[in-house]
1. If each of L269 and Q170 carries a label point 7 Å out from its Cα toward its Cβ, how far apart are those two points in nm?
2. Could you tell me the relative contact order of the stretch 121-212? Use alpha-carbon pairs under 8 Å, at least six residues apart, and round to a whole percent.
3. Among R49, R78, which comes first, then next, by fewest other beta-carbon atoms within 10 Å?
4. Answer with one residue from A64, V174, S37: the one whose Cα lies farthest towards the positive end of the charge dipole of the chain, charges on Cβ with Lys, Arg +1 and Asp, Glu -1.
5. What does the helix-only formula give at 222 nm for the chain: each DSSP H stretch with n ≥ 4 adding -39500 (n - 2.57), the total divided by the residues, and the result rounded to the nearest 500 deg cm²/dmol?
6. For Y26 and R155 in one chain, what is 0.36 nm times their gap in residues minus the Cα-Cα distance, to one decimal in nm?
7. What does the charge count near L127 come to, summing +1 for each Lys or Arg and -1 for each Asp or Glu among other residues with Cβ under 15 Å from its Cβ?
8. Using the Karplus curve 6.51 cos²θ - 1.76 cosθ + 1.60 with θ = phi - 60°, what ³J(HN,Hα) values do you get for each residue of the stretch 114-130, in whole Hz, with x for Gly and Pro?
Amino acid sequence: MTGVTVRVPAKLNLQLAVGPPRADGYHDLVTVFHAISLFDEVAVVPAGRDGVAVSGEGADRVPADRDNLALRAVAALRAAVPAGAAEPAGVHVTITKRIPVAAGLAGGSADAAAALVACNELWDCGLSQQQLAEVGAKVGSDVAFAMLGGTAVGRGRGELLTPALAPATQYHWVLAFADGQLSTPEVYATLDRLRAAQAAQAGDPPSPARGGSARARSGKSRSPDLDAPLMSALRSGDAALVGRTLSNDLQAAAVSLFPPLRKTLAAGLELGALGALVAGSGPTCAFLARSADRALDLAASLSGAGVCRSVARVMGPVPGAAIVPSAK
Ligand code: C5P
């Protein structure tokens, strides 16, 4: 086999409810992942030793050494090949990026997921998607979802997935890309600090589990819950209801680190979006539109409003990482 190419989607979180920090530094989540039609492409070919080349959107900010998440995924898969089997050879990985870097859209995890799917095929490992997802979870919290795609509930760090049963509704989104990046660990740490400050102000005993979600607004400090109104909106396939029930506990932290986002979110809502939220840890903003035509209008107006670096129209849900058939 000469090589394998895999196309992999970005994600949004329609709900992102964040619990208190765990002993390992991660936070327990309840999230509703939603794969969108913004794809990176990852190609692998046999090589003397592992290497990576990155081109496209934000390529100069992606490490081109062993810190690259796709190369880390390759190494993790090699280590997971059962004892006794031949050690898989080296690979050269070529990543063509359309998903912006450090934008809250899980581009790095997507590239890792694509590399796993590609090498599983190239090396004829025969691992199931579940087994690949377990390998991927060691590389990044969103890797398992980038393989699964669709709309799914994530728990734990985000790696424990249950597909959401929903009608085949296609949602039309406009993404507003920011002129800058946010560091995911910094956004989580800022959320912890904001919650601690709120608790101190309220005279509560230290309790980090407070924030923007329904759970947090209720004042209760415990593990996050799946948002029933969002799930019911998704089951109904009613975009207006979905738009009203989007939520992201990381949003306040992202906005405090990147204040121009407040203006971007407000502009999208004023221009008629059904709902708006920061994507994951940001700084991308996502706006839900009623139809493809409304998304087109919204994208044009947002772009003219000067509240972001650029815009893109995408649809969701889309399938997870998939091998691109070769041209032959
Ligand atoms: O798993 P991933 O590498 O994508 O996570 C990046 C960082 O985001 C982690 O190092 C951690 O600081 C933060 N994170 C977290 N809780 C999660 C997922 C990510 O605190 N559930």
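1. Result: 2.9 nm between the two label points.
2. Result for the stretch 121-212 is 13 percent.
3. Placing the least packed residue first, the sequence is R49, R78.
4. With unit charges placed on the Cβ atoms, the residue in question is V174.
5. -10000 deg cm²/dmol
6. So the chain would gain 45.2 nm between Y26 and R155.
7. Here the charged neighbours net out to -1.
8. Listing the rounded values in order: 5, 4, 5, 4, 5, 5, 4, 6, 4, 8, 6, 6, x, 6, 6, 4, 4 Hz.
No value in this document is a laboratory result; all are computed from the given coordinates. Note that this is a predicted model, so its numbers are computed, not measured. Here Cβ is always computed from backbone atoms with ideal geometry, including for glycine, and neighbour counts include all displayed protein chains.
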